[in-house]
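Colleague: After the structure tokens below, expect a handful of questions from me.
The values are calculated or read from the model by the stated rules, or taken from the named source; none is laboratory data. Keep in mind that what you see is a predicted model, and the values were worked out from it rather than measured. Every residue, glycine as well, gets a Cβ built from its backbone with ideal geometry; the counts of neighbours run over all protein chains shown.
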Amino acid sequence: MNTAVIVVGAGPTGLMLACELALAGVRTRILERRTEPQRDSRALSLHPRSVELLDQRGLLDRFLSLGRPVPGWHFAGLPTRLDFSSLDSRHGYTLFLAQARTEAILQERAHELGVEISRGYEVLGVSQDGDGVEVEARVPGGGTETVRGLYAVGCDGGRSVVRQAAGIDFPGTDETLTGVLGDFTVVAPGPGALDVARARGVLVAPLEGGLTRFVYLDPERMRVPAREPVTLEEFRTSLTRIAGSDCGVSEPRWLSRFGNATRLAANYRAGRVLLAGDAAHIHFPAAGQGLNTGLQDAMNLGWKLAAVINGWAPPGLLDSYDRERRPVGRSVTENTEVQTLLAELAVTARYRRPAAALRGLLDRLLGMTEVNRWLADQVSALGTRYPPAAPGADPLVGRRMPDVGLTAADPEATRVYELLARGRFVLLAPAGDPALRETVDAGWGSRVTAVTVDTYDEHADLDGVTEVLVRPDGHVAWATRTTDGRARGDERVRALTAWAGTPS
């Protein structure tokens with residue numbers, strides 16, 4: 001069995017997961033139905049937590065060189081923006097970058113790590129036994145191939161064949177309204193036409209290559225099923241009805257209709273089959289959270305699945321993927337349903353006045369610093385906290401580790417996130433413990449990077465912390481404020497064993 005993990009789907013989630021597995025030395029193969037990378041981009045943004053994850057793997061410069069940072073974002077299109085720049089992150093912005101670019105960079109990284117990507121492979125079914133999984137796929141040129149591995153992960157979208165084959169339910173709500181997007185080569189608006197369009201709820205965004213994207217809800221066409229193709233004539237007619245002109249759009253590169261079906265997988269795991277990204281959760285693309293949630297699924301799952309395959313995972317580690325990520329998926333589906341309802345009410349004639357009043361009220365609330373910050377934390381995913389595995393844990397546990405600057409006697413980096421580039425645990429001892437590294441290297445050296453920190457940037461969350469264990473995905477596994485060296489050493493061994501397995 002040459003392949004350990006079969007990833008179905010070469011979108012951002014599948015590529016990110018494959019990179020994480022390969023970084024940990026796990027042989028991974030991606031099966032992708034499309035013969036060529038996706039040219040058009042439904043998603044256009046990487047939110048702060050996703051940007052942090054790319055930073056943690058040393059990939060961020062590749063993305064920054066092609067994207068454009070945007071300090072504010074929106075919730076339900078309300079005028080008052082979510083202020084990402086005020087959040088506790090070096091990356092308090094959304095990176096405006098087309099999905100096709102994101103996929104191209106991740107594919108390049110996957111090739112660097114030795115991931116095999118098989119395009120033109122249409123998965124027909126998945127079966128599993130006590131020793132592994134078998135994925136049957138139709139291959140280019142006709143015929144089929146059965147690929148066997150230890151695990152399979154469905155990153156194959158909302159209609160996931162993997163999810164259906166594994167018998168995982170996908171409860172939720174069916175589509176009740178649709179929006180339309182169009183990318184145009186030619187836009188010839190009259191004076192102020194684009195400003196009018198934006199004021200009337202049309203999203204207008206410049207894309208690379210001279211394209212301009214328009215996205216809207218047309219109250220007279222928003223019950224049309226998503227499966228019905230969009231024509232240029234329809235697009236112009238709807239835009240004129242909403243904005244007063246068609247803004248001179250012509251030569252469409254891509255026209256698409258999208259719906260608000262909202263579903264969350266009943267489980268993210270069924271034996272040796274797991275789900276990530278849109279295969280696990282679908283929703284209206286409100287606030288651009290879908291792609292980002294998928295990338296964060298991949299980061300959570302990758303190191304855990306690799307730990308199982310590499311033989312050191314502590315009991316229950318792989319099951320924690322569902323326990324930690326399904327609540328995040330539920331939160332995203334719920335907040336997108338709220339945003340969709342606000343958008344629908346705003347364009348529905350009989351609700352227009354009360355909807356305007358409701359949106360005005362919510363906009364005033366967004367003007368309050370605490371409200372804005374709380375919602376920005378949710379949409380950016382910087383506020384994601386995983387539940388502690390045991391009661392009485394330090395308040396840091398489960399939260400994302402702040403990327404504080406540091407100095408060490410044997411420096412490997414100048415800030416925390418640089419220490420995570422190898423995808424290993426990082427154990428930091430701000431209190432200083434000369435024996436720390438020797439102790440950790442003797443038992444967990446291949447899984448944990450231990451650093452005795454001389455100084456680190458002041459941060460309220462780290463006040464009094466004497467030692468902290470950071471997971472490969474940048475969340476805190478364990479932290480202590482114990483000053484007694486012997487007691488702290490005992491805590492450390494227990495924490496390392498609970499998270500990084502028994503010492504080798």
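Colleague: Any idea how many residues of the range 334-378 are of a type in the set (F, W, Y) and under 21 Å from F84 (Cα atoms)?
Modeller: Filtering the range 334-378 down to residues of a type in the set (F, W, Y) leaves 351, 374.
Still in the running and under 21 Å from F84 (Cα atoms): 374.
Of the residues in the range 334-378, 1 are of a type in the set (F, W, Y) and under 21 Å from F84 (Cα atoms).
Colleague: Is there any pair with a first residue in the range 15-32 that is assigned by TED's automatic domain parsing to the domain that holds R471 and a second that is in a helix (DSSP H, G or I) and crowded, with 24+ Cβ neighbours inside 10 Å whose Cβ atoms are under 8 Å apart and which are 6 or more apart or on different chains, and what are they?
Modeller: Pairs found: none.
Colleague: If you don't mind, there's one more thing I want to ask. If the requirement is being without any contact (Cβ under 8 Å) to a residue 60 or more places away in the chain, crowded, with 18+ Cβ neighbours inside 10 Å and of a type in the set (G, A, S), which of these qualifies: A431, A435, A381? Steps first, please.
Modeller: Values: A435 fails: crowded, with 18+ Cβ neighbours inside 10 Å; A381 fails: without any contact (Cβ under 8 Å) to a residue 60 or more places away in the chain.
After applying the criteria, what remains is A431.
Colleague: I've got another one for you. Out of the range 306-322, which residues are within 13 Å of L274 (Cα to Cα), part of a helix (DSSP H, G or I) and not small (G, A, S)?
Modeller: Correct list: Y321, D322.
Colleague: Within the range 167-186, how many residues are farther than 24 Å from T340 by Cα, surrounded by 15 or more Cβ atoms within 10 Å (Cβ to Cβ) and either out of contact with any Cys (no Cβ under 9 Å at 6 or more places or on another chain) or modelled with pLDDT under 95 (or both)?
Modeller: The total comes to 1.
Colleague: Based on what the data block shows, is D433 of a type in the set (D, E), under 28 Å from the mean Cα position of the chain (by Cα) and in a loop (DSSP other than H, G, I, E, B)? Can you show your working first?
Modeller: Values: of a type in the set (D, E): yes; under 28 Å from the mean Cα position of the chain (by Cα): no; in a loop (DSSP other than H, G, I, E, B): yes.
It is false that D433 is of a type in the set (D, E), under 28 Å from the mean Cα position of the chain (by Cα) and in a loop (DSSP other than H, G, I, E, B).
Colleague: Moving on. Say whether the condition of being assigned to a helix (DSSP H, G or I) and within 16 Å of A479 (Cβ to Cβ) is met by at least one residue in the range 441-457.
Modeller: Filtering the range 441-457 down to residues assigned to a helix (DSSP H, G or I) leaves 441-444.
From what is left, the residues that are within 16 Å of A479 (Cβ to Cβ) are none.
Within the range 441-457 (the criterion being assigned to a helix (DSSP H, G or I) and within 16 Å of A479 (Cβ to Cβ)), the answer is no, since none of the residues qualifies.
Colleague: Looking at the range 348-387, which of the residues that are of a type in the set (V, I, T) and part of a helix (DSSP H, G or I) is nearest to G290 (Cα to Cα)?
Modeller: Initial filter on the range 348-387 (of a type in the set (V, I, T)): 348, 369, 371, 379, 384.
Checking which are part of a helix (DSSP H, G or I) leaves us with 369, 371, 379.
On the way: T369: 26, V371: 23, V379: 11 Å.
Among those that are of a type in the set (V, I, T) and part of a helix (DSSP H, G or I), it is V379.
Colleague: For the range 136-160, enumerate the residues that are farther than 23 Å from N2 by Cα and either surrounded by 14 or more Cβ atoms within 10 Å (Cβ to Cβ) or within 24 Å of the chain's Cα centre (by Cα) (or both).
Modeller: As a first pass, look at the range 136-160 and keep what is farther than 23 Å from N2 by Cα: 141-142, 157-160.
Scanning the range 136-160 gives G157, G158, R159, S160.
Colleague: While we're here: Among the strands (runs of 3 or more DSSP E) lying completely within the range 212-286, list those that include at least 1 residues that are charged (D, E, K, R). Even if it seems obvious, please write down each step before you answer.
Modeller: On the way: elements: 212-216, 250-259, 262-264, 273-275.
So the answer is 212-216, 250-259, 262-264.
Colleague: Which one of these does E112 not meet: (1) under 15 Å from L15 (Cβ atoms); (2) surrounded by fewer than 19 Cβ atoms within 10 Å (Cβ to Cβ); (3) touching a residue at least 24 places away in the same chain (Cβ under 8 Å)?
Modeller: (3)
Colleague: Does A287 satisfy being surrounded by 21 or more Cβ atoms within 10 Å (Cβ to Cβ) and at pLDDT below 95? Quick ask: steps written out before the conclusion?
Modeller: Values: surrounded by 21 or more Cβ atoms within 10 Å (Cβ to Cβ): yes; at pLDDT below 95: yes.
Criteria met by A287.
Colleague: Right, here's the next one. Collect the residues in the range 392-413 that are at pLDDT below 90 and touching a Leu at 6+ places or on another chain (Cβ under 7 Å), keeping them in residue-number order.
Modeller: Within the range 392-413, E412, A413 meet the criteria.
Colleague: Still on this structure, please answer the following. Of everything in the range 147-177, what is farther than 21 Å from L291 by Cα and of a type in the set (G, A, S)? Give them in sequence order.
Modeller: If the condition is that a residue be farther than 21 Å from L291 by Cα and of a type in the set (G, A, S), then G149, A165, A166, G167 are the ones that fit.
Colleague: Okay, moving on. I'd like to check something: does the range 327-334 contain any residue that is basic (K, R), part of a helix (DSSP H, G or I) and surrounded by 18 or more Cβ atoms within 10 Å (Cβ to Cβ)? Outline the logic, then answer.
Modeller: At the first step, the residues of the range 327-334 found to be basic (K, R) are 330.
Subsequent filtering for residues that are part of a helix (DSSP H, G or I) retains 330.
Retained after the next criterion (residues that are surrounded by 18 or more Cβ atoms within 10 Å (Cβ to Cβ)): none.
Checked the range 327-334: no residue is basic (K, R), part of a helix (DSSP H, G or I) and surrounded by 18 or more Cβ atoms within 10 Å (Cβ to Cβ).
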